[in-house]
Structure formats: structure tokens, C-alpha cells
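Okay, so here's the structure we're looking at.
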Amino acid sequence: MSLARMQAVLHFDDENGSITVEGGATYTTINDFLQDKKWAVKNLATLPHFTVAGSISMGTHGSSGVDADGRAKLGNQASQVSAIEFVLPDGSPKAYSREKDPDTFDGVVVALGCLGPISSITLDLTPRFNVVQAVYIDITVESVI
């Protein structure tokens, strides 16, 4: 089953900072949508073409960096999920949320695909920030050392 055509933004809560997307949405989809907004995804997957569903299902860590004590600054991709909906074998939807299902929610989000296709995901957002990347091409080993 492919979720490639399911990339729409379903709901955006500008007041509280959350976004709900279809299961096939990529981080590029979300970032393009948020480009002119006051919100951003807190921790991104390393590659922007990863789907959010795939990234959270596998517990992808993203680009969180580490504090001086060696602990991750940010949680993995799944830690940003506040609600998720699956399609059950009979075609009916099954929704879970951090608020309504606190005892099972973490296991539901990082389920390695075992609970069925993800039809929608709601992510908590963080206030917008800018990232700058410097790329150096044709640098010799000697100049780096």
C-alpha cells in the first residue's frame, strides 16, 4: 500500500501550534506549508523527503543534537505526535491521542507499521526559527586540518 498521494495538510491550528497531515505527507510538505507561518516542526528527519508516518513509526531520532551531558536535546520524531489515526483491516478508522490514551499512546505511535496504515498524524509545533547551512565544496584535507 502506498500513501504517496496522501500528502495534504488536513488542519492547521495557528493559535495553539499544531498541524494535522495525511499519512503520506513528507517533512517537505509540512515545511513548505509552514514557510510563512509563525510555527515550525521542532525536530526534523535528516532527509526532507521522508514521510512523517514512516519516520515516527520507526522511532527516527532526527537531528536533535546533544547537550553537554550527552543527552539528546530533543525527543525523537514520535515525541512530537499528539494524535494519530490508523485504518483498520475492515476499513474503519481508529484514532489515538496523547491526551485520551496516555497509557498506550507511545507504543501506538512507534508501532513499526504493525497497527495498519496511518491515515493522519497531528504534530505539536514550536515557534518558528531559522536554520543556516554552510556548504564548502572542493576543500582539501590539509586546509580542514
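The values are calculated or read from the model by the stated rules, or taken from the named source; none is laboratory data. The shown structure was predicted, so the numbers you read here are calculated from the model rather than taken from an experiment. Methodologically, a virtual Cβ is constructed for each residue, glycine included, from the backbone with ideal geometry; neighbour enumeration extends over all protein chains shown. For accessibility, only protein heavy atoms count, side chains too; no ligands or nucleic acids. Shrake-Rupley method; radii C 1.70, N 1.55, O 1.52, S 1.80 Å.
The table that follows gives values for the structure above.
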| item | result |
| --- | --- |
| Candidate residues THR46, THR140: accessible-area rank, largest first, probe 1.4 Å | THR46, THR140 |
| Solvent-accessible area, 1.4 Å probe, carbon plus sulfur percent, for segment 58-140 | 54 percent |
| Solvent exposure of segment 25-115 as accessible area per residue, Å², 1.4 Å probe | 58 Å² |
| Proximal aspartates and glutamates relative to LYS42, as straight alpha-carbon distance under 12 Å, when same-chain residues fewer than 8 apart are discounted | ASP124 |
| Nitroxide proxy distance, nm - points 7 Å out along Cα→Cβ at VAL144 and ARG71 | 3.3 nm |
| Extended-chain gain in nm, criterion 0.36 nm per residue less alpha-carbon gap, LEU112 and ASP14 | 32.3 nm |
| Candidates per trypsin sites (Lys or Arg not before Pro) in segment 1-51, loop by DSSP, up to 16 other Cβ within 10 Å | ARG5, LYS37, LYS38 |
| Cut-off under 5 Å, modelled amide H: who pairs with ALA40 long-range | THR126, ARG128 |
| Pairwise centroid distance, computed over Cα atoms, of segment 20-55 with segment 122-139, Å | 13 Å |
| Accessible surface ranking that places the most exposed of PHE33, PHE12 first, with a 1.4 angstrom probe | PHE33, PHE12 |
| For SER120, residues with placed amide H under 5 Å, excluding near neighbours | GLY23, GLU85 |
| Relative packing of peptides 80-89, 95-104 - highest average C-beta neighbours within 10 Å first | 80-89, 95-104 |
| Estimated [θ] at 222 nm from DSSP helical runs (n ≥ 4, -39500 (n - 2.57)) normalised by residues in the chain, nearest 500 | -3500 deg cm²/dmol |
